[in-house]
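Inspection log for the structure reproduced underneath, given as structure tokens.
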Amino acid sequence: MTEHQADQLETADADLQGLVAFLAELYEDQDAKPYTFAELVEELPALGPELELLESRGMKLFGEPIQRYLRSQGVLASEKPQAVVKAAANDFVEAAASEIEYLLLEQHASENAFLEEARRHAVSASLLVTAIDTLTEAFDEAKEVMSAAWRDAYLQDTEQPTAEGAYLEQMRGVAMVERHALPYLQRMLDAFGTQQQTGSSPEVLAAIARAIKDFDAHALAGLAQVDYADSPAVEHAAIFTETDVLRNTKTALRYVVSNYLDCTSPRKGSSIVPGVMTHFAMDGLANALTSVQVANLQRREANLLGLDLDIYRLIRKLGGSVDLSTIKEELSIPKDTTSIYLYHVMPLVKEGLLVESTERMPFTYEGERSQRFYTWWQRDTNGEPRVDREAYHQWLRKRLEALSHREKIDSLSRSRSAFIAKVRECDPDDTARQNELRAEIADIDECINRLNVQAEAHKEAIAKLDEAMDALKQSEGFSDLARR
């Protein structure tokens, strides 16, 4: 290299260092900086030749690749702008979502339409099974599409991706598809219930049940589809969460499978028709309740909110046979009983969640008859109320104590006797200690008197509760109940 050439190279290097200083000043106050050298060249096309020369001389000038050096000078962003990352990542997911929507709604529109038809009336069992099988394959394909999209979005969005992170994202994509599959399973169970009610043979129902079970195993597999080694990580990430709706729908499916696949005939001595539970309407007559209807009632339970949920839980806790006054009192509802009935209890009765009955309350004196309510499953197969005697006994004890304070008064009385004994044992010359003990006794007497006044105000209610408790204690089997 001649001396002239060396001078030219030195001048060029000085220009390149000046270019770096210019770039650092240009991007000093900018929030949106390019992330890679290629993005910098694209953003400053007029400086293309100079930037290319800078890239080729970067290592000799600065001792490290030019992209890393420019990042250290604040010219390039140290992290890729999240808006850009998320936009690119979202492209994968949105494209997959569009593909799945086309796959499930348009490409398989005929299967969807046939499934709706099967929910309304009897259809060809073979065609229904074919439709379910086709939708099973569609959801298998949808899972592959969405899991790949979530994996690609993760790789695009993450600086240092890991194999475990990519797998977890794949499973999140699968879980998204499973959420779409849940309504399909519900519709299939509805269709099964319709075919059951229209008189299909056990063999036909078994074929339909087998297809639905296969759909569930593929489209709603949850953790069962996760590799054993990765199961703890997926479970810890709570990717496949079992909602009340999913749990109740799976319960309905188990009814179907247990009665039409796992069993070939009803159990001996069973009074329940295969595949149904016995439900009693207000007139006490038994109605067949299919497993799908059971699932629907369970879904309605899961969707209850506010005061409706409180009322339902109270009736369930007390074992049924609960009147409006008890509901109002237990839940401290400021509304009158008529409003409670019209705006809360009656809608629950119409939805089938509560059963209304006019009867004498169990374990109370003869002659008292009023409207009482049960949850939809609190009836025995003979139509009689199935009272949870243990829950009722616990409620009686709790209610009696709340009104009478007997246990509290008994405890205070024992403490009073103990203090009196201490006064008697006290040194006669120790007046300070005697006065201290007598003050404790006076406080206890005041508390007992206050509790007795409160109990007197509820005298009639306590008397009724005592009668109910006596009747329960005299009833058959109470000794076994008391020992629990």
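The values are calculated or read from the model by the stated rules, or taken from the named source; none is laboratory data. Computed from a predicted structure; not experimentally measured. Every residue, glycine as well, gets a Cβ built from its backbone with ideal geometry; the counts of neighbours run over all protein chains shown. Heavy atoms of the whole protein, side chains included, go into the accessibility calculation; ligands, DNA and RNA do not. Shrake-Rupley method; radii C 1.70, N 1.55, O 1.52, S 1.80 Å.
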Here is a check on your reading of the model: is ALA217 without any contact (Cβ under 8 Å) to a residue 24 or more places away in the chain and either charged (D, E, K, R) or more than 25 Å from GLU111 (Cβ to Cβ) (or both)?
no
Could you run through region 212-230 and say how many residues are open to solvent by 30 Å² or more (accessible area, probe 1.4 Å), part of a helix (DSSP H, G or I) and touching a helix residue (DSSP H, G or I) at 6+ places or on another chain (Cβ under 9 Å)?
8
Do we have any residue at all in region 449-459 that's of a type in the set (Gly, Ala, Ser), assigned to a helix (DSSP H, G or I) and in contact with a helix residue (DSSP H, G or I) (Cβ under 8 Å, 6 or more places away or on another chain)?
yes
What residue, among those in region 128-148 that are open to solvent by 10 Å² or more (accessible area, probe 1.4 Å) and farther than 16 Å from LEU105 by Cβ, is farthest from the chain's Cα centre (by Cα)?
THR130
Considering region 412-456 alone, what residues qualify as being open to solvent by 50 Å² or more (accessible area, probe 1.4 Å) and among the polar types (S, T, N, Q)?
SER417, THR431, ASN435, ASN449, ASN452, GLN454
Selection within region 331-348 - surrounded by fewer than 17 Cβ atoms within 10 Å (Cβ to Cβ) and either under 27 Å from the mean Cα position of the chain (by Cα) or within 19 Å of ASN303 (Cα to Cα) (or both)
LEU331, TYR343, MET346, PRO347
Taking region 278-301 and keeping only residues that are more than 14 Å from GLY352 (Cα to Cα) and either modelled with pLDDT of 85 or more or outside any loop (DSSP other than H, G, I, E, B) (or both), one is left with SER291
Sort out which residues of region 97-127 are open to solvent by less than 60 Å² (accessible area, probe 1.4 Å) and modelled with pLDDT under 85, and write them in order of number.
ALA97, ILE100, LEU103, LEU104, HIS108
Report yes if some residue within region 71-87 is at pLDDT 75 or above, surrounded by 14 or more Cβ atoms within 10 Å (Cβ to Cβ) and either in a helix (DSSP H, G or I) or of a type in the set (Phe, Trp, Tyr) (or both); otherwise report no.
yes
Go through region 151-167 residue by residue and tally those that are closer than 19 Å to ALA95 by Cα and in contact with a Leu (Cβ under 9 Å, 6 or more places away or on another chain).
2
Would you tally the residues in region 333-381 being assigned to a loop (DSSP other than H, G, I, E, B), at pLDDT 85 or above and of a type in the set (Val, Ile, Thr)?
1
Yes/no for TYR184 being hydroxyl-bearing (Ser, Thr, Tyr), open to solvent by less than 40 Å² (accessible area, probe 1.4 Å), over 25 Å from SER147 (Cα atoms) and out of contact with any His (no Cβ under 8 Å at 6 or more places or on another chain):
no
